[in-house]
Amino acid sequence: MFDFIDKILSSFVSCFSRKAAFRWFVVLTLGLMLHSDKLGVTSVIRDLALKPDCYLSMLHFFRASSWSLDRIQQCWFQTVLRFFPLYQEEGFHVLVGDGVKQSKEGRRIPGVKKLCQESENSAKPQFIHGHMFGGLGILAGSIRSMACIPLSIRLHDGLQDTFGWEASTVSDASHVVQMVEDACLAAKTFGNSILLLDRYFLSVPALKRLQELTSEETVHMEIVTKAKCNCTAFEKPAPRKSGRGRPPKKGKAVRLKDLFESRKEQFRETELVLCGKKEKLRYYSIDLLWGQKLYQELRFVLVEYNGTQSILAGTCLELDPLSMIRLYSFRFQIECTFRELKRQTGAFCYHFWSKHMPRLNYYRKKTEPSALGQVESDHARRKIMQAVQAIEMHMALSCIAMGSIQCLSLRMEGKLCSEQIRYPRTPSKGKVSEGAMMHYLRKHIFRFMWQNPELHITQLIQEVQEQSEICEDLLAS
């Protein structure tokens, strides 16, 4: 188990220009895998018995210039492809994307803006001030036991005013388009891929950007998403008659919701394994044109399941309708990953700010300049972008830590069960839960280090531990 962690973390050594930076990378990532509380760097020092003066050095690491976030992200993609048991559907790797919002009260944290939370959960306020992230994951394991490995979580909103700054790498594209761009970047590493998205992402700009990116021979990615209940598509245009005039781009309009009644006799009944259970459903597949002024041909699958009606849409016209239904049932896996990132690793418990950032005005009018728009000094802009870099680096480390935990859970399936680690209220029939695996690592981490003194990560951690006598007592216990 500890050998596997060493292989994963050692694969990042080429991403750092200094040994000290790589050492802090290993310490922080392993510390997030052991997270006993949500106190950030303080938790890492406590869990690994580090020297107290390591605190400032670890904080400095997040704003250092000795690493590149893009190189670390690309190395993480290659590591996942090499070591993780990835799931495939008809020869495609399955990517999952979604947005996640995190409330932040700090008025000098860059990227904070007013966000609307469209949720039926009464515990969530309708409006918050915080960060808007775009999360991307990839499915691993099998249908019986599956996990969504987090690949990247990047800020997708609130930083448009930094576009054009000298040290800024922020895109001015919308959240929907940035999600497609992030997925296509991952598809260059993983090969043929299918991207699962929520119905919010079915838009003309997203499909246009997908066409532009997949026109290159190096990227082949398709999208499977959900259409809105009021979605309207178009039939293919009839053959043009001889005469003058522009040829038609579309045919007769079709309101997809009406097809549940008008073509109910053409629906097929079948049984399909969804979420580990065999369920009965009715479905109907049809290829139509969609998108105002775009008119791209999509495959729509109308599904009746447990008294509810849903409309799925996909860009791949060769994908089997049952595969589309099964694939979209996996989309919720990324919500489980977000939950574990919040509860277990404390990925969203960061507080990186800059004194050069103007205070955020919660009551700012649209005609007034934003906080980032008021920054004119190059030095202040550079410091603000370092804070943004620290936020995204913290999210990248959290993704690597959680992905490693999830892979360990999949590898230990059948060899270790949650009941052997701690009492679970609801025992898992498949893989060990992420929380139970982290508890197991916290309990045995010093024994693993004592049994494997030759490993690279063991030597790096021992360099910054507090005192040899304290470590020996911990190992003995």
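Some values worked out for this structure:
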item: For region 114-168: Kirkwood Rh in Å [reciprocal of mean 1/r, alpha carbons]; result: 14.5
item: Mean projected area in nm² (Cα convex hull; one quarter of hull surface) for region 55-191; result: 11.6
item: Peptides 16-22, 263-269 ordered by average Cβ neighbours within 10 Å, highest first; result: 16-22, 263-269
item: Selection from H156, G97, S11 lying farthest towards where the dipole of region 1-156 points positive, charges on Cβ; result: H156
item: Gain in span if fully extended, E105 to Q78, counting 0.36 nm per residue against the direct Cα distance; result: 6.1 nm
item: Pair S428, C116: separation of 7 Å Cα→Cβ label points (nm); result: 3.7
item: Potential lengthening between K208 and R339 on full extension [0.36 nm per residue; Cα-Cα distance subtracted]; result: 44.0 nm
item: Coordinate range along principal axes, alpha carbons of region 38-103, Å, largest first; result: 52, 30, 23
item: Too-long pairs where the Cα-Cα distance tops 32 Å, listed order kept, from K113/K208; K257/K280; K228/K383; result: K228/K383
item: Dipole magnitude of region 196-315 about its Cα centre (Cβ charges: Lys, Arg +1; Asp, Glu -1), debye to nearest 20; result: 700
item: Reach of K249 by Cα under 16 Å, taken over lysines that are not fewer than 8 positions away in the same chain; result: K236, K241, K293
item: Given (i) 77; (ii) 72; (iii) 55, the label whose value is percent of Cα pairs over 29 Å apart derived from this model; result: (iii)
item: Proximal aspartates and glutamates relative to K38, as straight alpha-carbon distance under 14 Å, when same-chain residues fewer than 8 apart are discounted; result: D47, E340
item: Order by protection proxy (mean Cβ within 10 Å, highest first), peptides 270-279, 134-143; result: 134-143, 270-279
item: Given charges at beta-carbon only (K, R positive; D, E negative), |dipole| of the chain in Debye; result: 1540
item: Computed over the chain: relative contact order in percent, which uses C-alpha pairs under 8 Å that are six or more apart; result: 20
item: Exposure proxy order (Cβ contacts within 10 Å, fewest to most) of K342, K431; result: K342, K431
item: Dipole of the chain, positive direction: furthest Cα of G40, C231, Q420, with charges on the beta-carbon; result: C231
item: Contour minus Cα-Cα distance for L294 and F332 (0.36 nm per residue); result: 10.8 nm
item: Taking region 27-103 and dividing mean pair separation by its residue count, relative contact order in percent (alpha carbons under 8 Å, at least six apart); result: 15
item: Relative exposure of V13, V44, judged by other C-beta atoms within 10 Å (fewest first); result: V13, V44
item: The chain, helix-only ellipticity at 222 nm - DSSP H runs n ≥ 4, -39,500 (n - 2.57), divided by all residues, nearest 500; result: -11500 deg cm²/dmol
item: Exposure proxy ranking, count of Cβ atoms within 10 Å, fewest first, for S262, S323; result: S262, S323
item: Sequence-separation-based contact order of region 144-271, relative, with Cα cut under 8 Å and 6+ spacing, percent; result: 17
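Throughout, read-outs are computed from the coordinates displayed, never taken from laboratory work. Since this is a predicted model, take the numbers as computed values, not measurements. A quick note on method: Cβ atoms are made from the backbone with ideal geometry, for glycine too, and the neighbour counts reach across all protein chains shown.
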